[in-house]
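Trainee: Before anything else, here's the structure in question.
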Amino acid sequence: MKAQEFTGGYILRLDRGEEVTAALTGFLKEKRIHAGTVEGLGGIGDAELGFYHLPSKTYLRQTIAGNLELIHYWGNITLVDGEPFIHAHAVVSGGDYIARSGHFFSADVIVTGEFIVKPAEWEISRALDEPTGLKLMDISG
């Protein structure tokens with residue numbers, strides 16, 4: 001990974017072989033970024049996306065195999081158990097030009113990953129929401 005700081009955040013280039021979620025989360029921990037947003041695009045492989053099935057309170061996961069374009073990746077940065085956590089969604093497409101989208105779990109960079117991290121001053125933790133079974137932003141007020 002290569003990173004450059006700019007006014008308002010960082011621009012990152014993930015290298016071939018890096019796993020997107022692990023690399024971004026590692027960067028957040030290193031820089032002690034606990035809040036903000038992250039967005040990106042690039043060339044990835046074998047993206048694992050999900051759809052939250054509320055009745056079963058589980059993610060239905062699907063791996064989209066092969067060489068893919070990461071068309072749009074967007075997420076927010078909060079804290080889970082005191083550690084930075086990225087809640088991200090993405091749109092990916094392969095050689096068939098069919099867009100697939102969902103909650104982003106993982107993918108390996110096979111060409112490049114270009115991301116912008118914008119830290120924020122707010123700090124929000126996530127707490128278990130019993131009705132949904134998810135850790136949602138714990139916002140009071």
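The values are calculated or read from the model by the stated rules, or taken from the named source; none is laboratory data. These numbers come from a predicted model, not from an experiment. Methodologically, a virtual Cβ is constructed for each residue, glycine included, from the backbone with ideal geometry; neighbour enumeration extends over all protein chains shown.
Trainee: Does Y52 fit the bill of being surrounded by 16 or more Cβ atoms within 10 Å (Cβ to Cβ) and part of a strand (DSSP E or B)?
Mentor: Criteria not met by Y52.
Trainee: In segment 19-56, what residues are among the acidic types (D, E) and under 14 Å from L70 (Cα atoms)?
Mentor: E19, E39, D46, E48
Trainee: Take segment 1-34 and flag every residue that is exposed (fewer than 14 other Cβ atoms within 10 Å of the Cβ) and assigned to a strand (DSSP E or B).
Mentor: Listed by number, the residues that qualify are K2, Q4, E5, F6.
Trainee: Any idea which of E39, E18, E5 is among the charged types (D, E, K, R) and without any contact (Cβ under 8 Å) to a residue 40 or more places away in the chain?
Mentor: After applying the criteria, what remains is E5.
Trainee: Please tell me if V92 is surrounded by 12 or more Cβ atoms within 10 Å (Cβ to Cβ), in contact with a Lys or Arg (Cβ under 8 Å, 6 or more places away or on another chain) and not hydroxyl-bearing (S, T, Y).
Mentor: So V92 passes the test.
Trainee: Let me ask something else about it. Could you identify the single residue in S140, S101, S106 that is surrounded by fewer than 17 Cβ atoms within 10 Å (Cβ to Cβ) and not in a strand (DSSP E or B)?
Mentor: When all the criteria are applied, what remains is S140.
Trainee: Right, another one. For I77, indicate whether it is surrounded by 13 or more Cβ atoms within 10 Å (Cβ to Cβ), under 18 Å from R13 (Cα atoms) and either touching a Cys at 6+ places or on another chain (Cβ under 6 Å) or at pLDDT 95 or above (or both).
Mentor: no
Trainee: Which residues, counting only those in segment 53-71, are within 17 Å of S106 (Cβ to Cβ) and either of a type in the set (K, R) or in contact with a Ser or Thr (Cβ under 8 Å, 6 or more places away or on another chain) (or both)?
Mentor: Answer for segment 53-71, where residues must be within 17 Å of S106 (Cβ to Cβ) and either of a type in the set (K, R) or in contact with a Ser or Thr (Cβ under 8 Å, 6 or more places away or on another chain) (or both): R61, L68, E69, I71.
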